[in-house]
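Shown next, in C-alpha coordinates, is the structure this report addresses.
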Amino acid sequence: MTVRVIAGTARGRKLKSVPGDTTRPVMDRVKEALFNILAGDVVDSKWWDLFGGTGAIGIEALSRGASFVRFSDLNRAPVETIKENVEYCGFTKQSEIRKGDAFSMLAAQADGKYEFIYIAPPQYQEMWLKALKLVDENINWLTNDGTVIVQIDPIEYEQIELNNLEETEQRKYGSTLIIFYDRLN
(Lines give C-alpha, C1' and ligand atoms only; values in the text may rest on other atoms or scores of the structure.)
Protein backbone atom coordinates (compact mmCIF):
# COMPACT_ATOMS: atom_id res chain seq x y z
CA MET A 1 0.00 0.00 0.00
CA THR A 2 1.38 3.38 -1.01
CA VAL A 3 1.15 6.02 1.68
CA ARG A 4 0.95 9.59 0.43
CA VAL A 5 0.30 13.06 1.73
CA ILE A 6 -3.29 13.98 0.84
CA ALA A 7 -3.42 17.76 1.18
CA GLY A 8 -1.43 20.89 2.01
CA THR A 9 2.10 21.95 1.18
CA ALA A 10 3.44 18.39 0.71
CA ARG A 11 0.36 17.15 -1.15
CA GLY A 12 0.95 14.15 -3.41
CA ARG A 13 4.31 13.17 -1.93
CA LYS A 14 4.68 9.42 -1.56
CA LEU A 15 6.03 8.33 1.81
CA LYS A 16 8.42 5.46 2.35
CA SER A 17 6.94 2.46 4.12
CA VAL A 18 8.55 0.83 7.13
CA PRO A 19 10.24 -2.44 6.07
CA GLY A 20 8.58 -5.59 7.42
CA ASP A 21 5.16 -5.84 9.03
CA THR A 22 5.65 -4.00 12.33
CA THR A 23 3.44 -1.08 11.27
CA ARG A 24 0.01 -0.73 9.69
CA PRO A 25 -0.29 2.39 7.53
CA VAL A 26 -3.49 4.38 7.92
CA MET A 27 -5.77 4.23 4.87
CA ASP A 28 -6.13 7.45 2.87
CA ARG A 29 -9.89 7.64 3.44
CA VAL A 30 -9.42 7.36 7.21
CA LYS A 31 -6.71 10.01 7.18
CA GLU A 32 -8.82 12.27 4.97
CA ALA A 33 -11.88 11.82 7.22
CA LEU A 34 -9.82 12.56 10.34
CA PHE A 35 -8.43 15.80 8.94
CA ASN A 36 -11.84 16.85 7.60
CA ILE A 37 -13.21 16.50 11.15
CA LEU A 38 -10.34 18.56 12.60
CA ALA A 39 -10.40 21.08 9.73
CA GLY A 40 -9.01 24.48 10.77
CA ASP A 41 -7.98 23.26 14.23
CA VAL A 42 -4.85 21.76 12.64
CA VAL A 43 -3.37 25.15 11.70
CA ASP A 44 -0.67 26.26 14.18
CA SER A 45 -1.30 23.19 16.39
CA LYS A 46 1.29 20.99 18.06
CA TRP A 47 1.03 17.21 17.71
CA TRP A 48 2.58 14.11 19.21
CA ASP A 49 2.40 11.15 16.83
CA LEU A 50 3.01 8.63 19.61
CA PHE A 51 3.44 5.34 17.71
CA GLY A 52 4.84 7.08 14.66
CA GLY A 53 5.25 4.24 12.16
CA THR A 54 5.81 5.95 8.79
CA GLY A 55 5.01 9.35 10.28
CA ALA A 56 2.03 9.69 7.92
CA ILE A 57 -0.35 11.31 10.44
CA GLY A 58 2.16 13.82 11.78
CA ILE A 59 3.40 14.66 8.28
CA GLU A 60 -0.19 15.17 7.10
CA ALA A 61 -0.73 17.53 10.06
CA LEU A 62 2.42 19.51 9.15
CA SER A 63 1.40 19.63 5.51
CA ARG A 64 -1.94 21.12 6.59
CA GLY A 65 -0.36 23.83 8.73
CA ALA A 66 0.51 22.31 12.12
CA SER A 67 3.40 24.21 13.69
CA PHE A 68 5.21 21.24 15.27
CA VAL A 69 5.08 17.45 15.52
CA ARG A 70 6.92 15.15 17.90
CA PHE A 71 7.21 11.68 16.39
CA SER A 72 8.12 8.72 18.55
CA ASP A 73 8.49 5.01 17.98
CA LEU A 74 10.12 2.18 19.87
CA ASN A 75 11.92 0.57 16.94
CA ARG A 76 14.80 1.76 14.79
CA ALA A 77 13.20 0.97 11.40
CA PRO A 78 10.16 3.25 11.90
CA VAL A 79 12.34 6.00 13.39
CA GLU A 80 14.64 5.91 10.33
CA THR A 81 11.60 5.84 8.02
CA ILE A 82 10.05 8.85 9.79
CA LYS A 83 13.35 10.77 9.47
CA GLU A 84 13.50 10.10 5.73
CA ASN A 85 9.83 10.99 5.18
CA VAL A 86 10.05 14.19 7.24
CA GLU A 87 13.17 15.29 5.31
CA TYR A 88 11.62 14.39 1.95
CA CYS A 89 8.55 16.52 2.73
CA GLY A 90 10.65 19.42 4.02
CA PHE A 91 9.46 19.41 7.64
CA THR A 92 12.72 18.79 9.51
CA LYS A 93 12.62 22.17 11.30
CA GLN A 94 9.08 21.63 12.65
CA SER A 95 9.73 18.06 13.80
CA GLU A 96 11.32 16.17 16.63
CA ILE A 97 11.86 12.43 16.24
CA ARG A 98 12.46 10.28 19.31
CA LYS A 99 13.25 6.59 19.58
CA GLY A 100 11.88 5.17 22.79
CA ASP A 101 9.08 3.52 24.70
CA ALA A 102 5.81 5.46 24.42
CA PHE A 103 4.71 4.48 27.93
CA SER A 104 7.95 5.64 29.56
CA MET A 105 7.75 8.93 27.67
CA LEU A 106 4.11 9.51 28.70
CA ALA A 107 4.88 8.64 32.32
CA ALA A 108 7.72 11.19 32.45
CA GLN A 109 7.21 14.82 33.41
CA ALA A 110 5.69 16.74 30.49
CA ASP A 111 8.30 18.73 28.57
CA GLY A 112 5.80 20.10 26.08
CA LYS A 113 2.09 20.68 25.56
CA TYR A 114 0.16 19.36 22.58
CA GLU A 115 -3.21 20.17 21.06
CA PHE A 116 -3.32 16.64 19.65
CA ILE A 117 -1.82 13.34 20.78
CA TYR A 118 -2.37 10.61 18.19
CA ILE A 119 -2.37 7.03 19.51
CA ALA A 120 -2.33 4.27 16.87
CA PRO A 121 -0.34 1.46 18.48
CA PRO A 122 0.20 -2.16 17.43
CA GLN A 123 -3.22 -3.81 17.52
CA TYR A 124 -4.82 -6.28 19.93
CA GLN A 125 -2.41 -5.69 22.82
CA GLU A 126 -4.45 -3.11 24.76
CA MET A 127 -1.61 -0.65 24.26
CA TRP A 128 -4.08 2.12 23.39
CA LEU A 129 -5.71 1.73 26.81
CA LYS A 130 -2.38 1.95 28.61
CA ALA A 131 -1.33 5.03 26.60
CA LEU A 132 -4.70 6.74 27.10
CA LYS A 133 -4.60 6.11 30.86
CA LEU A 134 -1.08 7.56 31.03
CA VAL A 135 -2.18 10.75 29.24
CA ASP A 136 -5.16 10.97 31.60
CA GLU A 137 -2.85 10.62 34.62
CA ASN A 138 -0.25 13.01 33.20
CA ILE A 139 -2.67 15.54 31.68
CA ASN A 140 -0.02 18.27 31.42
CA TRP A 141 0.99 16.78 28.06
CA LEU A 142 -2.23 18.31 26.66
CA THR A 143 -3.14 21.96 26.23
CA ASN A 144 -6.34 23.05 28.00
CA ASP A 145 -8.32 22.43 24.81
CA GLY A 146 -6.26 19.37 23.83
CA THR A 147 -7.56 16.17 22.29
CA VAL A 148 -6.30 12.60 22.30
CA ILE A 149 -7.14 10.73 19.09
CA VAL A 150 -7.08 6.93 19.23
CA GLN A 151 -7.03 4.70 16.13
CA ILE A 152 -7.85 1.02 16.76
CA ASP A 153 -9.76 -1.94 15.35
CA PRO A 154 -13.41 -1.60 16.48
CA ILE A 155 -13.26 -5.01 18.27
CA GLU A 156 -10.59 -3.58 20.60
CA TYR A 157 -12.83 -0.80 21.90
CA GLU A 158 -13.98 -0.68 25.47
CA GLN A 159 -15.31 2.11 27.66
CA ILE A 160 -12.75 3.41 30.08
CA GLU A 161 -13.02 5.40 33.31
CA LEU A 162 -11.04 8.63 32.97
CA ASN A 163 -10.53 11.60 35.29
CA ASN A 164 -9.23 14.34 33.00
CA LEU A 165 -10.47 13.25 29.57
CA GLU A 166 -13.89 12.48 28.16
CA GLU A 167 -14.83 10.56 25.06
CA THR A 168 -16.58 13.00 22.72
CA GLU A 169 -16.87 11.24 19.38
CA GLN A 170 -16.32 7.99 17.50
CA ARG A 171 -16.02 7.42 13.77
CA LYS A 172 -15.85 3.98 12.18
CA TYR A 173 -14.34 3.30 8.75
CA GLY A 174 -14.42 -0.41 7.95
CA SER A 175 -11.95 -2.09 10.31
CA THR A 176 -10.73 1.23 11.71
CA LEU A 177 -12.25 3.08 14.65
CA ILE A 178 -11.21 6.62 15.49
CA ILE A 179 -12.10 7.86 18.99
CA PHE A 180 -11.73 11.43 20.24
CA TYR A 181 -11.07 12.21 23.91
CA ASP A 182 -11.16 15.88 24.90
CA ARG A 183 -9.51 17.33 27.97
CA LEU A 184 -11.95 18.34 30.71
CA ASN A 185 -11.49 21.84 32.07
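The values are calculated or read from the model by the stated rules, or taken from the named source; none is laboratory data. What you see is a predicted model, and the numbers here were worked out from it, not measured in a lab. Counting neighbours? That spans all protein chains shown, and the Cβs are built from the backbone with ideal geometry, glycine included.
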Exercise. Does at least one position in the range 132-146 carry a residue that is in contact with a Gly (Cβ under 8 Å, 6 or more places away or on another chain), under 28 Å from N185 (Cβ atoms) and at pLDDT 95 or above?
Worked result: yes
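Residues checked against (1) charged (D, E, K, R); (2) touching a Leu at 6+ places or on another chain (Cβ under 7 Å); (3) surrounded by 18 or more Cβ atoms within 10 Å (Cβ to Cβ):
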{"site": "R29", "(1), (2), (3)": "yes, no, no"}
{"site": "D41", "(1), (2), (3)": "yes, no, no"}
{"site": "N75", "(1), (2), (3)": "no, no, no"}
{"site": "G90", "(1), (2), (3)": "no, no, no"}
{"site": "M127", "(1), (2), (3)": "no, no, yes"}
{"site": "V135", "(1), (2), (3)": "no, yes, yes"}
Exercise. From the list S45, S67, S63, which one is in contact with a Gly (Cβ under 7 Å, 6 or more places away or on another chain), of a type in the set (G, A, S) and closer than 30 Å to N140 by Cβ?
Worked result: S63
Exercise. Taking the range 141-164, which residues are within 17 Å of the chain's Cα centre (by Cα) and either assigned to a helix (DSSP H, G or I) or surrounded by 12 or more Cβ atoms within 10 Å (Cβ to Cβ) (or both)?
Worked result: W141, L142, T143, G146, T147, V148, I149, V150, Q151, I152, D153
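If we keep just the residues of the range 114-125 that are under 14 Å from the mean Cα position of the chain (by Cα) and not acidic (D, E), which is surrounded by the fewest Cβ atoms within 10 Å (Cβ to Cβ)? Don't jump to the end; show me each part of the working.
Pass one, the range 114-125, residues under 14 Å from the mean Cα position of the chain (by Cα): 114-122.
Checking which are not acidic (D, E) leaves us with 114, 116-122.
Numbers: Y114: 23, F116: 24, I117: 23, Y118: 24, I119: 25, A120: 26, P121: 23, P122: 13.
The selected residue is P122.
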